[in-house]
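The values are calculated or read from the model by the stated rules, or taken from the named source; none is laboratory data. On a predicted model such as this, the values are computed, not experimentally measured, just so you know. Note that each Cβ is placed from the backbone with ideal geometry, even for glycine, and that neighbours are counted across all protein chains shown.
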Amino acid sequence: TPGLYLVATPIGNARDITLRTLDILRDADVLTAEDTRSLRRLLDIHGVALGDRPLVSYHDHSSAKVRDRIIAALEAGQSVAYASEAGTPMISDPGFDLMRAAQLAGYPATSAPGPSAVVTALTLAGLPTDRFLFAGFLPNASGARKKALTELRGVPATLVTYESPKRLGAMLRDAAEVLGAERPAAVCRELTKKFEEVRRGTLTELADHYSDAQARGEIVVLIGKGDSDSVSETDLESEVRKALETMSVRDA
Ligand code: SAM
């Protein structure tokens with residue numbers, strides 16, 4: 001059937017592909033992917049022949065021309081499958097513009113759901129999952145990151161962020177400072193892969209653990225709500241001290 005198919009692909013273990021995604025990849029007239037090499041590899045692993053079908057590269061930096069080409073295929077009544085490099089398209093990944101363009105032009109779009117690191121991490125972190133806020137990648141620079149964390153401070157939900165191994169230690173340190181040293185948290189690394197690891201602890205414990213040793217692989221950081229209020233005792237102490245200082249200045 002014509003239309004745009006947004007397909008989820010594995011986040012590590014190639015066998016985490018759904019039967020429906022394989023059907024779509026086998027049957028679509030046009031394949032388009034954020035990373036054509038990784039889609040090609042996936043097709044090879046699962047014995048799906050590309051044949052003479054086009055495999056078009058589409059990512060956030062693609063020109064409108066590429067998008068127009070895909071829309072033209074939809075216009076011609078073709079079916080188009082889109083996959084991002086890994087996991088679910090549009091979850092910290094491209095695909096949104098393409099989806100909106102298809103929608104606005106009146107072509108049907110459907111999703112073939114499957115793996116995503118955010119949901120996989122939630123199932124393993126051991127933190128409440130009834131309410132969560134996915135914050136994607138936080139800013140790289142410490143100042144901007146602390147500002148983003150401050151905005152999240154009062155959110156009564158488990159916070160989920162993606163992080164690069166390079167910045168993990170610094171990010172945990174900033175989170176401990178802004179959200180509270182004692183907040184429960186978890187670092188989920190290399191999910192569904194050979195060296196899958198889940199490490200739980202307070203933000204301070206995790207920051208200490210990842211401070212010197214550079215972490216490796218792909219990482220999801222989850223931060224629990226904290227106790228009744230999200231401010232740790234140390235934070236509370238310094239808040240009180242600050243308040244008293246301002247008072248004495250004013251009263252003097
Ligand atoms: N679209 C993907 C999804 O649905 O999860 C996310 C793409 S985003 C560009 C890549 C980031 O997702 C990584 O830097 C990491 O934070 C997280 N991620 C992806 N695969 C992962 C895995 N196997 N284990 C842990 N985190 C992963």
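Here are the numbers for the structure shown:
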item: Output for the range 121-135, where each listed residue is touching a residue at least 12 places away in the same chain (Cβ under 8 Å) and either touching a Phe, Trp or Tyr at 6+ places or on another chain (Cβ under 7 Å) or not in a helix (DSSP H, G or I) (or both); result: 122, 126, 127, 128, 129, 131, 132, 133, 134, 135
item: Among the residues listed as 67, 37, 20, 26, the single one being under 23 Å from residue 117 (Cα atoms) and out of contact with any strand residue (DSSP E or B) (no Cβ under 9 Å at 6 or more places or on another chain); result: 37
item: Enumeration of residues in the range 27-52 that are more than 22 Å from residue 92 (Cα to Cα) and either surrounded by 16 or more Cβ atoms within 10 Å (Cβ to Cβ) or of a type in the set (S, T, N, Q) (or both); result: 28, 30, 43, 48
item: Yes/no for residue 62 being at pLDDT 95 or above and of a type in the set (S, T, N, Q); result: no
item: Conditions (1) touching a residue at least 60 places away in the same chain (Cβ under 8 Å); (2) buried (at least 23 other Cβ atoms within 10 Å of the Cβ); (3) more than 15 Å from the ligand (Cβ to nearest atom): number failed by residue 225; result: (2)
item: Any strands (runs of 3 or more DSSP E) falling wholly within the range 156-252 and containing at least 1 residues that are more than 28 Å from residue 87 (Cβ to Cβ) and at pLDDT 95 or above; result: 197-202
item: Failed item, numbered, when residue 156 is tested on (1) within 12 Å of the ligand (Cβ to nearest atom); (2) on the phi < 0 side of the Ramachandran plot; result: (1)
item: Single residue of the range 95-117 satisfying the filter (away from the ligand (no atom under 16 Å from the Cβ) and hydrophobic (A, V, I, L, M, F, W, C)) that is farthest from the chain's Cα centre (by Cα); result: 105
